[in-house]
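Contents: one structure, followed by commentary.
The values are calculated or read from the model by the stated rules, or taken from the named source; none is laboratory data. Here the structure is a predicted model, which is why all the values come from computation and not from measurement. Backbone-built Cβ (ideal geometry, glycine too); neighbour counts: all protein chains shown. Side chains are part of the model used for accessible areas, which takes the heavy atoms of the whole protein and leaves out ligands, DNA and RNA. Shrake-Rupley method; radii C 1.70, N 1.55, O 1.52, S 1.80 Å.
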Amino acid sequence: MRRTLTLAAATAAAALLLPGGPLPVVETGTARATPSLWTAREAAAFWTPERMAAALPVPDPVPVPVPDGVPAPVPDPTADAPTTGAAASDGAATGTPAAAAPPPGAPTAKGPAADDQPTPAAPTPAAPAAAGPPAAGPAAGTGTAPAQGVAAPPAPSAAPGSPAAPASPATPVTPVASPTTPGDAAAAPVAPGVPAPPATPTVTPAPSGTPGPATDPLPSPSAPTRAPAGPVVAPATAGVGQDFDGVPAVGRMYVMKGAGAYFCTASVVSSPGRNLVLSAGHCLLGSDTRQVAFVPHYTRAKPRPYGLFPVLRDSAGRSKVWIDQRYKTQGAEKAATLDVAFAAVGPNAAGSKLENAVGGNRLLTGSTFTHAKVTLIGHPASAARPRVCVNRTTKFTSTDPKSPGSFLRIDCTGFPGGTSGGPFITRFDDRTRTGDVVGVIGGWKTGGPTADTSYSPYFGAEIRKLYQAAVAGAKGA
């Protein structure tokens, strides 16, 4: 149940959140928050290295209440899909009254954190950051999130050649064999009255001028303008995660929720505006989500190597985030197959667009559940550096009627709270340090109840439509 605050309490709570003083208070009955700017300099002043290091993983969404005695509905594969929500998310602007933060020890997305985490630190005043990458923060630790000692969920139930499950609770999206992963399961028959999917997986085109082999039939991922620091260290054993120094196009997405500072993992996805970030829907869900900023290539030793990229706001002061409306109304369990979010960000303090600075992955939709080689990247809560793992994916079909659907599943050790939103990348290129993104840690149980097995929604027609809505909404930003 959402907690309401009196005007005085909201003002007092808001005064603790920003170094610049109290936030503007929304009058009773006002539908829209007071718009305000949210620039890279403001984001850098707010998200200090100390606050970023103290942030906790985004907690699991509050379940949508179901009346007693009413069973959760089972999706109808032949039903028409509701319209994809293309409007900006309910993320409120700085003027939204603060709500209470989740209590310490509350469950967080992608299973429990490896170590007990402190209560989110109260905001501390900070001077606005100068243009360009700020200086490094505290020295890096060596904390690695160990695997959780919890039994793994049931093994995937589908055998090769079995019909593919719907990609959303309402619309069956038939995957086709990926051109880069031979031996994938055969495509499922299309239900009567449902339009046939594209004959080949859809790859979002990279912006013009992107370097890449001329003979490659698919557009190449965009490369950053500055050279990568070095090759990615690949794990020696499939499915074994290890800490590494990260890649420029993956980082942390920071948000304020209530009175607490939180984060998820996010990554850059190529777009015409060169300003889109991909994460899990549960990471950016909620009307109390504010002060949202993406920090690419975050490590505790170098917390802002490319600066901060603020998530833009519309004229009403709401964050420009796109989440399928059904995920908001039906909840994280019933609509787990739609646990995906796109966000539009502004330039950093140096004026650089995100994709120009760090590159971006291509979005691959309409592919398959099974991939022979996927690179999984996430930011564990207690680790000073991100984590990488390489393994194959399999298809997992939920038998829980409260959380129906089919998902990509990958066994990779050490991906606890904080890794939600981390990308599943195929065709990873060590030169550009980018590839094709086919999923994000999320979906079933917001990414999985254990640290050693992760899940992703299937990227089909619904996710493609959501991306297109984000591209249109971010145009000219």
What is the residue count in the range 415-442 for residues that are over 11 Å from the mean Cα position of the chain (by Cα) and part of a loop (DSSP other than H, G, I, E, B)? 7
Of (1) assigned to a loop (DSSP other than H, G, I, E, B); (2) modelled with pLDDT of 95 or more; (3) open to solvent by 10 Å² or more (accessible area, probe 1.4 Å), residue 390 satisfies every one except (1)
I'd like the full set of residues that are more than 19 Å from residue 454 (Cβ to Cβ) and either in contact with a Cys (Cβ under 8 Å, 6 or more places away or on another chain) or in a helix (DSSP H, G or I) (or both), limited to the range 316-340. 325, 326, 328, 329, 330, 331, 334
Anything in the range 443-477 that is touching a Leu at 6+ places or on another chain (Cβ under 6 Å) and either among the aromatic types (Phe, Trp, Tyr) or assigned to a strand (DSSP E or B) (or both)? List them, or say none. 456, 467
Take residue 365 and decide whether it is within 26 Å of residue 289 (Cα to Cα) and among the polar types (S, T, N, Q). no
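The rows are residues; the columns are (1) open to solvent by 10 Å² or more (accessible area, probe 1.4 Å); (2) over 22 Å from residue 296 (Cα atoms); (3) at pLDDT 95 or above.
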{"site": "430", "(1), (2), (3)": "yes, no, no"}
{"site": "436", "(1), (2), (3)": "no, no, yes"}
{"site": "440", "(1), (2), (3)": "no, no, yes"}
{"site": "444", "(1), (2), (3)": "yes, yes, yes"}
{"site": "455", "(1), (2), (3)": "no, yes, yes"}
{"site": "460", "(1), (2), (3)": "no, yes, yes"}
{"site": "468", "(1), (2), (3)": "yes, yes, yes"}
{"site": "475", "(1), (2), (3)": "yes, no, no"}
Can you tell me which residue in the range 394-414 is least open to solvent (accessible area, probe 1.4 Å), limited to those that are in contact with an Asp or Glu (Cβ under 9 Å, 6 or more places away or on another chain) and in a strand (DSSP E or B)? 394
Could you figure out which of (1) surrounded by 24 or more Cβ atoms within 10 Å (Cβ to Cβ); (2) touching a strand residue (DSSP E or B) at 6+ places or on another chain (Cβ under 7 Å); (3) not in a loop (DSSP other than H, G, I, E, B) isn't true of residue 367? (3)
So residue 303 passes all but one of these: (1) outside any helix (DSSP H, G or I); (2) in contact with a helix residue (DSSP H, G or I) (Cβ under 6 Å, 6 or more places away or on another chain); (3) open to solvent by 10 Å² or more (accessible area, probe 1.4 Å); (4) farther than 16 Å from residue 277 by Cβ. Which condition number does it fail? (3)
For the condition buried (at least 22 other Cβ atoms within 10 Å of the Cβ) and more than 19 Å from residue 423 (Cα to Cα), what is the one hit in 320, 353? 320
Failed condition for residue 373, given (1) at pLDDT below 95; (2) under 20 Å from residue 238 (Cα atoms): (1)
Any residue at all in the range 343-350 that is modelled with pLDDT of 95 or more, assigned to a strand (DSSP E or B), touching a Cys at 6+ places or on another chain (Cβ under 9 Å) and buried (at least 21 other Cβ atoms within 10 Å of the Cβ)? no
If we keep just the residues of the range 314-343 that are in contact with a helix residue (DSSP H, G or I) (Cβ under 7 Å, 6 or more places away or on another chain) and of a type in the set (D, E, K, R), which is farthest from residue 403 (Cα to Cα)? 320
For the range 248-291: of the residues being at pLDDT below 95 and among the hydroxyl-bearing types (Ser, Thr, Tyr), which is surrounded by the fewest Cβ atoms within 10 Å (Cβ to Cβ)? 287
Pick out the one residue from 37, 23, 18 that is at pLDDT 50 or above and in a loop (DSSP other than H, G, I, E, B). 37
